[in-house]
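J.: Dumping the structure here so I can ask a few things about it.
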Amino acid sequence: MKSIVLDAIDRVILSELLQNGRATYTQLGELVDLSPHAVAPRVRRLTEAGVIRGFTASIDYGALGRGLEALIDIRMSATADPDAFEHQVSELTCARELTFLTGRFDYQLRASCLDADDLDRTVRALRRAGAAVTETRMVLRSRPFRRDVSAD
């Protein structure tokens, strides 16, 4: 991916969109002292360059009854097909994010489960899909950090 040069206005726009992905061009323009018509091509350029990958909602899975959050480290069996494994994991209702890693484990799954039985079913499904070893930790508290986009 080609690197893009950001100016101070781009950084303010990105920082605001991190806090409020639904900010309008008018709201963004007011922050950077530009018209909405001047902000729109900047957001479009950042999106086309892959800096902005999408606009999403932040969901409280606990409010949906999936309050048991777990991080599951996964070491694959030597014969497992990673593509097939990733596809099978994507089909799990509780799967929120699968990360391919370096180190002792191959993957880490963030899962939002209904209860302990749902977590047990999830770990068993991972084993059937090709996991040789799993290590599960329950999340007690999570705090996302949204940082301003700096020049660093």
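The values are calculated or read from the model by the stated rules, or taken from the named source; none is laboratory data. Just so it is clear, the model here is predicted, and its values are computed rather than measured. Every residue, glycine as well, gets a Cβ built from its backbone with ideal geometry; the counts of neighbours run over all protein chains shown.
J.: Can you tell me which residues in region 117-151 are assigned to a loop (DSSP other than H, G, I, E, B), more than 22 Å from the chain's Cα centre (by Cα) and either without any contact (Cβ under 8 Å) to a residue 40 or more places away in the chain or over 30 Å from Ile13 (Cα atoms) (or both)?
T.: Residue satisfying the conditions is Gly130 alone.
J.: Now for a separate question. For region 8-30, which positions are touching a helix residue (DSSP H, G or I) at 6+ places or on another chain (Cβ under 6 Å) and over 15 Å from Val51 (Cβ atoms)?
T.: Residues satisfying the conditions are Ala23, Tyr25, Thr26, Gly29.
J.: Let me ask something additional. Tell me, please, whether a residue that is more than 19 Å from the chain's Cα centre (by Cα) and either more than 30 Å from Val12 (Cα to Cα) or aliphatic (A, V, I, L, M) (or both) can be found in region 95-104.
T.: Yes: region 95-104 contains one or more residues that are more than 19 Å from the chain's Cα centre (by Cα) and either more than 30 Å from Val12 (Cα to Cα) or aliphatic (A, V, I, L, M) (or both).
J.: Return the residues of region 89-107 that are under 20 Å from Gly67 (Cα atoms) and surrounded by fewer than 17 Cβ atoms within 10 Å (Cβ to Cβ); say none if nothing qualifies.
T.: Hits for region 89-107 are Ser90, Glu91, Thr93, Arg96, Glu97.
J.: Please name all residue pairs, on different chains or six or more residues apart, with Cβ atoms under 7 Å, provided the first residue is in region 89-116 and is farther than 16 Å from Ala63 by Cα and the second residue is of a type in the set (Ser, Thr, Tyr) and crowded, with 16+ Cβ neighbours inside 10 Å.
T.: If the second residue must be of a type in the set (Ser, Thr, Tyr) and crowded, with 16+ Cβ neighbours inside 10 Å, the pairs left are Leu92/Thr122; Leu98/Tyr107; Thr99/Tyr107; Phe100/Tyr107; Leu101/Tyr107.
J.: Looking only at region 128-152, filter to residues that are under 20 Å from Leu68 (Cα atoms) and at pLDDT 95 or above; which one of those is surrounded by the fewest Cβ atoms within 10 Å (Cβ to Cβ)?
T.: Leu140
J.: Please work out which one of (1) at pLDDT below 95; (2) under 30 Å from Ile4 (Cα atoms) is the condition Leu98 fails and give its number.
T.: Going through (1) at pLDDT below 95; (2) under 30 Å from Ile4 (Cα atoms) one by one, Leu98 breaks only (1).
J.: Would you check if there is a residue in region 63-82 being within 19 Å of the chain's Cα centre (by Cα) and within 30 Å of Tyr25 (Cβ to Cβ)?
T.: no
J.: Could you identify the single residue in Ile59, Ile4 that is under 25 Å from Pro144 (Cβ atoms), over 19 Å from the mean Cα position of the chain (by Cα), exposed (fewer than 14 other Cβ atoms within 10 Å of the Cβ) and of a type in the set (A, V, I, L, M, F, W, C)?
T.: Ile4
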